[in-house]
Amino acid sequence: MPLGFDDTMLPGLRAAIGRPDLTDDPRFATPDARKAHARELVDVLDSEFAKRELSDWRKVLDDVGVTFGIVATVNET
């Protein structure tokens, strides 16, 4: 499960971030492809998640059943 999610969560995640186009992107089509292109996928996700506040994302991701967690820095914890 590269990047902490499996294929069952991907449709909800793509819908939640407004990127259904990722469905047809061969770089992210399979677990192996996502692993091989992990940096690119992180860049896509970082860009999308930067568009909204954490409180917004909590609701959006909860609503589609995507499990998530916050990666905090030492100072934030």
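The values are calculated or read from the model by the stated rules, or taken from the named source; none is laboratory data. None of the values given here were measured: they were computed from a predicted structure. Cβ: placed from backbone, ideal geometry, glycine included. Neighbour counts: every protein chain shown. The accessibility values were calculated without ligands, DNA or RNA, using every heavy atom of the protein model including side chains. Shrake-Rupley method; radii C 1.70, N 1.55, O 1.52, S 1.80 Å.
Dipole magnitude for the chain: about 40 debye, using +1 per Lys or Arg Cβ and -1 per Asp or Glu Cβ, origin at the Cα centre. Taking every C-alpha pair closer than 8 Å and separated by at least 6 residues, the mean separation divided by the residue count of the stretch 2-51 gives a relative contact order of 34 percent. Looking at the stretch 1-66, the accessible area is 63 square angstrom per residue; that uses a 1.4 Å probe and ignores ligands, DNA and RNA. Here the convex hull built on the C-alpha positions of the stretch 19-59 has a volume of 80 cubic angstrom per residue. 3J(HN,Hα) couplings calculated from phi for the stretch 8-25 with the Karplus curve 6.51 cos²θ - 1.76 cosθ + 1.60 (θ = phi - 60°) are, in sequence order, 6, 8, 4, x, x, 5, 4, 5, 4, 8, x, 10, x, 4, 5, 4, 8, 7 Hz; Gly and Pro show x. The Cα atoms of the chain cover 36, 27, 20 Å along the three principal axes, with the biggest extent listed first.
Residues in the stretch 46-57 carry Karplus couplings, in order, of 4, 4, 5, 5, 6, 7, 9, 6, 4, 4, 5, 5 Hz; the curve used is 6.51 cos²θ - 1.76 cosθ + 1.60 with θ = phi - 60°, and Gly or Pro positions show x.
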